[in-house]
Amino acid sequence: KFSIGSIDAQAKYSARLGSVMAVADAQLRGVDEALFMDEMGSVTESTASNVGIVSRGAILTPPCWLGLLEGITRDVLGELAQRLDRPFHEVPLTRHDLYNADEAFLTSTLKEVLPVTQIDGRRIGNGRPGPVAKRLLRAFRDLVQREIRRR
């Protein structure tokens, strides 16, 4: 397990050793990505993405004060949630929260909104990309297209 607290969020742009080690560990375990946790057991982020879940209709993502790097795509989640008429909250998330989520997803500029169907070998929701993550992805792509046309 890697602690996000051991890596300065502001240094993550150039100091990627922790992420490289976590990805290598994930690959040895036969999975695509690793999640970081803080010393208190809160899930903070993945090696190169922010994490979010859908629980009881609400979109939840860890707050930046936990030490995670605030992502550009993560920043627009609140706006996208509002467009989808979904509650949006920044709250600490535990493994239990992720395991019991209706949906889980990663966000980043490259991944956009990427549904996660399994965490630690446990199926999330029904084990398929969920409808809210799909709608978030469409809303994100629409927002990007509108911004491109404005320029």
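The values are calculated or read from the model by the stated rules, or taken from the named source; none is laboratory data. Source: prediction; values computed, not measured. Heads up, the Cβs are rebuilt from the backbone with ideal geometry, glycines too, and the neighbour counts pull from every protein chain shown. The accessibility values were calculated without ligands, DNA or RNA, using every heavy atom of the protein model including side chains. Shrake-Rupley method; radii C 1.70, N 1.55, O 1.52, S 1.80 Å.
Brief remarks on what is shown
- For the range 30-113, the fraction of alpha-carbon pairs in successive 5 Å shells from zero, as %: 3, 16, 28, 28, 18, 6, 1, 0
- Here the range 90-150 is treated as a Stokes sphere of Kirkwood radius computed over C-alpha pairs; at 4 °C and 1.567 mPa s its diffusion coefficient rounds to 103 µm²/s.
- Using the Cβ of Ile148 as centre and a radius below 13 Å, the other residues enclosed give a net charge of +3, where K and R count +1 and D and E count -1.
- Stokes-Einstein D in µm²/s, Kirkwood radius over Cα pairs - the chain at 10 °C with 1.306 mPa s viscosity: 101
- Gained length - Arg29 relative to Arg128, 0.36 nm times residue gap less alpha-carbon distance: 33.5 nm
- Between 0 and 90°, nearest 10: helix 17-28 axis offset from the chain longest Cα axis: 90
- Amide H within-cut-off set for Thr94, under 5 Å, with H built and near neighbours excluded: Val43
- Sorting 118-126, 135-143 by their mean Cβ neighbour count within 10 Å, with the most densely packed peptide first, gives 135-143, 118-126.
- Neighbours of Thr73 by Cβ distance under 13 Å: Lys/Arg scored +1, Asp/Glu scored -1, total -3.
- For the pair Glu147 and Arg95 in one chain, pulling the backbone fully straight at 0.36 nm per residue adds 15.2 nm over the alpha carbon distance.
- Per residue, the chain exposes an accessible area of 59 Å² to a 1.4 Å probe, with every protein chain left in place.
- The range 24-151, accessible surface, carbon-and-sulfur percent (1.4 angstrom probe): 49
- The alpha carbon convex hull volume per residue for the range 64-116 rounds to 95 Å³.
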